[in-house]
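Some notes on the structure that comes next.
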Amino acid sequence: DTAVSQTPKYLVTQMGNDKSIKCEQNLGHDTMYWYKQDSKKFLKIMFSYNNKELIINETVPNRFSPKSPDKAHLNLHINSLELGDSAVYFCASSQDPVAKNIQYFGAGTRLSVL
Amino acid sequence: GENVEQHPSTLSVQEGDSAVIKCTYSDSASNYFPWYKQELGKRPQLIIDIRSNVGEKKDQRIAVTLNKTAKHFSLHITETQPEDSAVYFCAAKGYSGAGSYQLTFGKGTKLSVIP
């Protein structure tokens, strides 16, 4: 069973569209994250949720809105997509961000905005 | 907030040689330092980590060293093999305010092991 799964794996869309990426973890972790990895492979945290509550919100445009219906899910909705949003988006989860923060990553969603 | 610098950005070694990747961090309160390996088209995966009360940790061909005073830590891979080719990320866990902690990642090192 995949520990952290995200869908879709690939997403190709036009500028201006709205899209969502879903993430689910079956590890029983309390904390989930969204990262953006650009073409230069830089991993940048976007959001962090702990028990459905937003605890980190980096300087991300408000076109990006995370939604956590329960602690096993953290979805990412993106409005009015722009060319610069093209990247690979990784979901991750961890059990104990205080002690260690071992993060388990999903397989990534490659978003291409045309 | 935490700032992590990683060097070099690319590294090529002959198979069997050693590879060393270095990182520095800015927040002296950071206390956990993992290393992730990301193969082409795959997800980042934890390969080794170290806590700030330990100076060195080894796991087979991989070792990590930490110098808290100088605020730097390094990944050492010995007897490199072609399957070690990947992008390696260092990270530091620091306090980001309001009771939350996060990992700050370095920009990655692309390691190529030449057969």
*asked:* Please go through segment B:14-38 and give me each residue that is touching an Asp or Glu at 6+ places or on another chain (Cβ under 6 Å) and among the β-branched types (Val, Ile, Thr), ordered by number.
replied: B:Thr24
*Can you name the residue in segment A:30-44 that is part of a loop (DSSP other than H, G, I, E, B) and not basic (Lys, Arg) and is also nearest to A:Ser68 (Cα to Cα) among such residues?*
A:Asp30
_Based on this model, can you work out whether A:Tyr35 counts as closer than 22 Å to B:Glu2 by Cβ, touching a residue at least 12 places away in the same chain (Cβ under 8 Å) and not small (Gly, Ala, Ser)?_
yes
_So A:Asp85, is it away from chain B (no Cβ under 14 Å), buried (at least 19 other Cβ atoms within 10 Å of the Cβ), on the phi < 0 side of the Ramachandran plot and not aliphatic (A, V, I, L, M)_ = yes
*Criterion violated by B:Gln81 - all others in (1) over 10 Å from the mean Cα position of the chain (by Cα); (2) surrounded by fewer than 21 Cβ atoms within 10 Å (Cβ to Cβ); (3) free of Cβ contacts under 8 Å to residues at least 60 places away in the same chain satisfied*: (3)
*Could you grab me the full set of residues in segment A:34-59 that are at positive phi and within 10 Å of chain B (Cβ to nearest Cβ)?*
A:Lys41
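Can you tell me which residues in segment A:1-29 are assigned to a loop (DSSP other than H, G, I, E, B) and within 15 Å of A:Asn75 (Cα to Cα)? Spell out how you get there, then give the answer.
Residues of segment A:1-29 that are assigned to a loop (DSSP other than H, G, I, E, B), as a first pass: A:1-3, A:8-9, A:14-18, A:26-29.
Those that are assigned to a loop (DSSP other than H, G, I, E, B) and within 15 Å of A:Asn75 (Cα to Cα): A:Pro8, A:Lys9, A:Asp18, A:Asn26.
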*Please work out which residue is nearest to A:Thr7 (Cα to Cα), limiting yourself to segment A:68-104 and to residues that are at pLDDT 95 or above and of a type in the set (S, T, N, Q).*
A:Asn75
*Kindly indicate the residue of segment B:25-46 that is in contact (Cβ under 8 Å) with a residue 40 or more places away in the chain and under 10 Å from the mean Cα position of the chain (by Cα) and also surrounded by the most Cβ atoms within 10 Å (Cβ to Cβ) among those meeting that condition.*
B:Phe33
*Restricting the search to segment A:45-59, which residues are surrounded by fewer than 18 Cβ atoms within 10 Å (Cβ to Cβ) and either in a strand (DSSP E or B) or not basic (Lys, Arg) (or both)?*
A:Asn51, A:Glu53, A:Leu54, A:Asn57, A:Glu58, A:Thr59
_Residues located in segment B:74-114, provided they are at the interface with chain A (Cβ under 8 Å from one of its Cβ atoms) and aromatic (Phe, Trp, Tyr)_ = B:Phe89, B:Tyr101, B:Phe105
*Within segment B:88-114, how many residues are surrounded by 20 or more Cβ atoms within 10 Å (Cβ to Cβ) and either under 10 Å from the mean Cα position of the chain (by Cα) or not aliphatic (A, V, I, L, M) (or both)?*
15
*Can you name the residue in segment A:1-23 that is modelled with pLDDT of 95 or more and of a type in the set (Val, Ile, Thr) and is also surrounded by the fewest Cβ atoms within 10 Å (Cβ to Cβ) among such residues?*
A:Val12
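Conditions (1) farther than 30 Å from A:Thr59 by Cβ; (2) within 14 Å of chain A (Cβ to nearest Cβ), marked per residue:
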position: B:Ser9; (1), (2): no, yes
position: B:Ala19; (1), (2): yes, no
position: B:Gly41; (1), (2): no, yes
position: B:Gln45; (1), (2): no, yes
position: B:Ser52; (1), (2): no, yes
position: B:Ala63; (1), (2): yes, no
position: B:His72; (1), (2): no, no
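Can you name every residue in segment B:7-32 that is among the hydrophobic types (A, V, I, L, M, F, W, C) and either within 14 Å of B:His76 (Cβ to Cβ) or touching a His at 6+ places or on another chain (Cβ under 6 Å) (or both)? Walk me through it before giving the result.
Initially, segment B:7-32 is screened for residues among the hydrophobic types (A, V, I, L, M, F, W, C), giving B:11, B:13, B:19-21, B:23, B:29.
Of everything in segment B:7-32, those that are among the hydrophobic types (A, V, I, L, M, F, W, C) and either within 14 Å of B:His76 (Cβ to Cβ) or touching a His at 6+ places or on another chain (Cβ under 6 Å) (or both) turn out to be B:Leu11, B:Val13, B:Ala19, B:Val20, B:Ile21, B:Cys23.
The values are calculated or read from the model by the stated rules, or taken from the named source; none is laboratory data. Note that the coordinates shown come from a computational prediction; the quantities given were computed from them, not determined experimentally. Note: ideal-geometry Cβ built from the backbone for every residue, glycine included; neighbour counts use all protein chains shown.
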